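Nothing in this text is a laboratory measurement; each read-out follows from the coordinates by a stated rule. Predicted model, so just to flag it, every value in this text is computed and none were measured. Note that each Cβ is placed from the backbone with ideal geometry, even for glycine, and that neighbours are counted across all protein chains shown.
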Amino acid sequence: MRSLPPWLLWPYRGICLVALAWMLICILLAVFQRRMIYLPAQVAVLPPPETLPWATVEPLQYTTFDGLTLRGWRVRPRGAETTASPPVVLYFPGNAGHRQYRLDDFEVLVRAGAEVCCFDYRGYGENPGSPTEGDLHRDARAAWNHLTQSLKIPERRIVLLGESLGGGVATRLAADLCTADEVPGGLVLRSTFNTLTAAASWHYRWLPVDWLLRDRFESQRCIGRVVCPVLCLHGERDTIVPLELGRQLYAAAPEKSETGVSKTFIPLPQADHNNVVQSEGDRMVEALHQFLSRAVPHRG
C-alpha cells in the first residue's frame, strides 16, 4: 500500500483525530446519558415547610411497584374552608433539583385556586433509587392510584401538570388514563417538548442523538389519546426547550376534550425556561385559574 504524500499526511491525521474524538463522545453519551438527563438534588431529610403564609404543607408517601417508598407533599391554601373541594394538581417536576425548589410554582397554583400534590422522582430529594423513563412512568401511575384510591380524590378533580421533562411523564400518564377510561380533570404542560430526542438534537446537532438516546419521552405520540382538556404554557425566550417544540406537541393534541373544552396554547413573551414564574407569574395565575374553572367546574 502506497503511503500518502507528505502534503496530505497532516490533514489525514487531523481528520482521523476528529473522527476518533467524535466516536469517543458518542460512546460517552451512550454510557453516561442518564447522568446528563437526570440532575437530582439529594438530601437526607426534606421536612414540609411550616412558615408559608399562603399554604399548609402535609407529607405524602406511596410505595412503588418494586417496593421503594417515594415521598412528597400536599400543599393546601392556608385558611381555606374545610368543606371546599378545589382542583388537585398532581405536579410532575423537571429534571433537576427536588420539590422544595418548586415552592414558587406551588404558590402560583394555589393562587389560581388549586391544591398541589407533588412527589419527587426516585433518586430525588430523600427518595431512594435511580430514575429511568420506564420507572418514572410506572411511578406516576402509582402516584395517581395513591391519590384516587388511598386519598379518595375523584378522578375528574385531579389535573396533571408537567414541567419540562415532567411534561413527558404527565402526557404519558394522561394518555394511559384516558385509554383506561380513568380520565383526569385536565392536563397542563409547561415549557415541555414534543420528544426528548428532538430537544436533545436541538442542543447536540452534531451527534446522532436519535440512535443513542434510551429515554425518549415520546409525548407527541401519546397526546393524541388525551381526551381531557389541555393547556400549554411556554416561554417565547426558552433556550432549553425551544418554543417550536412546545408548539409541535400542542399541534398533536386533540382540538377539543370529550367534554367540548378547546385546547389552549399560551406563549409567555418574557419567559425563558427557568424563570417562568418570576417573569410571567401573574399571567400564569390568570391562565391557570381560567383553565381550572373550565376543566374542573364543580368544586363544592
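So, counting K/R as plus one and D/E as minus one, what does the shell of residues with Cβ under 9 Å around L52 add up to? Numbers along the way, then the final one.
Numbers: positive: R78; negative: E50, E107.
Once positives and negatives cancel, what remains is -1.
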- Query: Of the beta bridges DSSP finds with both residues in the chain, what % are antiparallel, to the nearest 5?
  - Reply: 35 percent
- Nonlocal amide H pairs with A55, under 5 Å, H built at 1.01 Å: R78
- Pairing the Cα long axis of helix 276-295 with the longest principal axis of the chain, what angle in degrees results, from 0 to 90 and rounded to the nearest 10? 50 degrees
- Message: How much of the DSSP bridge set in the stretch 182-300 is antiparallel, in percent, rounded to the nearest 5?
- Response: 10 percent
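Starting from 0.36 nm per residue, how many nanometres of slack lie between N275 and L39 once their C-alpha separation is accounted for? Walk me through the intermediate numbers first.
Working: separation 236, 0.36 × 236 = 84.96 nm, distance 1.79 nm.
Contour length minus the Cα-Cα distance gives 83.2 nm.
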- Item | Placed amide H near Y62: partners under 5 Å, 5+ positions off or other chain | L70
- Distance in nm between label sites at W54 and D282, each 7 Å beyond Cα in the beta-carbon direction? 1.4 nm
- Message: What would the Debye equation give as log₁₀ I(q)/I(0) for the stretch 38-89 at q = 0.26 Å⁻¹, counting only Cα atoms as equal point scatterers?
- Response: -1.12
- Task: Sort 275-282, 167-174, 71-78 for me by packing, meaning the mean count of neighbouring Cβ atoms within 10 Å per residue, highest on top.
- Result: 167-174, 71-78, 275-282
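Helix-derived [θ] at 222 nm for the chain: sum -39500 (n - 2.57) over DSSP H runs of at least 4, divide by residue count, nearest 500?
One gets -12000 deg cm²/dmol as the mean residue ellipticity at 222 nm.
Can you sort S201, S191, S257 so the residue with the fewest Cβ neighbours within 10 Å comes first?
Numbers: S201 17, S191 27, S257 22.
Sorted ascending by nearby Cβ count, the order is S201, S257, S191.
Taking the Cα centre as origin and putting +1 on Lys and Arg beta-carbons and -1 on Asp and Glu beta-carbons, what dipole magnitude results for the chain, to the nearest 20 debye? Provide the component values of the computation, followed by the final result.
Numbers: 31 positive and 30 negative charges, 116 e Å.
Charge dipole of the chain: 560 debye, to the nearest 20.
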- Rounded to the nearest 0.05, what FRET efficiency do M23 and E244 have when you use their Cβ-Cβ distance and R0 = 35 Å? 0.70
- Pop the C-beta distance of W206 and E236 into the FRET formula with R0 = 30 Å and round what comes out to the nearest 0.05. 0.70
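Listing K263, K256 from the residue with the fewest other Cβ atoms within 10 Å to the one with the most, what is the order? Don't skip to the answer; put the middle values down first.
Details: K263 18, K256 13.
Sorted ascending by nearby Cβ count, the order is K256, K263.
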- Item | Positive dipole terminus of the chain, leading residue within G134, T192, A19 (C-beta point charges) | A19
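If you take every residue apart from R190 with its C-beta less than 10 Å away from the C-beta of R190, what net charge results, scoring Lys and Arg +1 and Asp and Glu -1? Walk me through the numbers before you get to the answer.
Numbers: positive: none; negative: D105, E163.
Computed value for this residue: -2.
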- Message: Largest first and in whole Å, what are the equivalent-ellipsoid semi-axes of the stretch 107-165 based on the Cα gyration tensor, each being the root of 5 times an eigenvalue?
- Response: 22, 15, 11
- Gyration tensor (Cα) of the stretch 176-257, equivalent ellipsoid semi-axes in angstrom: 25, 16, 9
- Item | Cα centroid separation, the stretch 237-300 to the stretch 118-182 (Å) | 19 Å
- By how many degrees, 0 to 90 and rounded to 10, does the Cα axis of helix 133-145 deviate from the longest principal axis of the chain? 0 degrees
- Between F65 and D104, with labels modelled 7 Å along Cα→Cβ, what's the label distance in nm to one decimal, could you check? 3.6 nm
- Query: Which of C228, C222 comes first, and how do the rest follow, when ranked by fewest Cβ neighbours within 10 Å?
  - Reply: C222, C228
- Figure the gain on full extension for S262 and S150 (residue separation times 0.36 nm, minus the Cα-Cα span) and round it to one decimal in nm. 37.2 nm
